[in-house]
Amino acid sequence: MEKEVRIFIRIQKYRKEKWKKLCLTKKISLTTLIIDSVESRILDDERKTILQFIEKQDNIFRKIENNINQVAKIANGQKFISEKELSYFSIQLNEIANLKVQQNEIFFKIYSLIADDH
């Protein structure tokens with residue numbers, strides 16, 4: 001294992017306090033803030049926020065998919081759905097499919113950024 005070394009830097013006291021406050025709000029160490037900033041990495045708190053966002057988006061799509069399944073069950077049970085309702089339903093399905101593709105492309109880019117950090 002590589003031995004850690006200390007680096008001493010001089011900064012104004014107010015700046016150090018400002019950095020420490022930032023670290024408190026982000027719940028990270030001053031060392032992490034400096035290293036991640038210098039190496040242009042995504043900060044740990046930002047990574048957590050991104051992952052929470054991804055999880056939330058996935059939950060939203062699951063709810064939408066459940067609603068679609070419920071509509072399909074109702075239509076199957078009644079053995080009837082009007083042409084207008086079917087057309088609207090198809091448009092909504094296509095929109096959801098397009099949004100899901102876009103979301104997955106964005107998520108792939110985000111995962112790539114996160115993976116590059118570690």
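The values are calculated or read from the model by the stated rules, or taken from the named source; none is laboratory data. Just so it is clear, the model here is predicted, and its values are computed rather than measured. Cβ placement follows ideal geometry from the backbone for every residue including glycine, while neighbour counts extend to all protein chains displayed.
Values for this structure:
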item	result
Leading residue by the ranking (farthest from L99 (Cα to Cα)) among those in region 67-80 that are hydrophobic (A, V, I, L, M, F, W, C) and loosely packed, with under 12 Cβ neighbours inside 10 Å	F80
Meets criteria (at pLDDT 80 or above and more than 21 Å from the chain's Cα centre (by Cα)) for E17	yes
Set I28, I34, I64: member being in a loop (DSSP other than H, G, I, E, B) and either within 21 Å of the chain's Cα centre (by Cα) or surrounded by 10 or more Cβ atoms within 10 Å (Cβ to Cβ) (or both)	I28
Qualifying residue in region 95-103 (condition: among the polar types (S, T, N, Q) and within 30 Å of D36 (Cα to Cα))	yes
Residue among E46, E2, E83 that is surrounded by fewer than 10 Cβ atoms within 10 Å (Cβ to Cβ) and within 30 Å of A97 (Cα to Cα)	E83
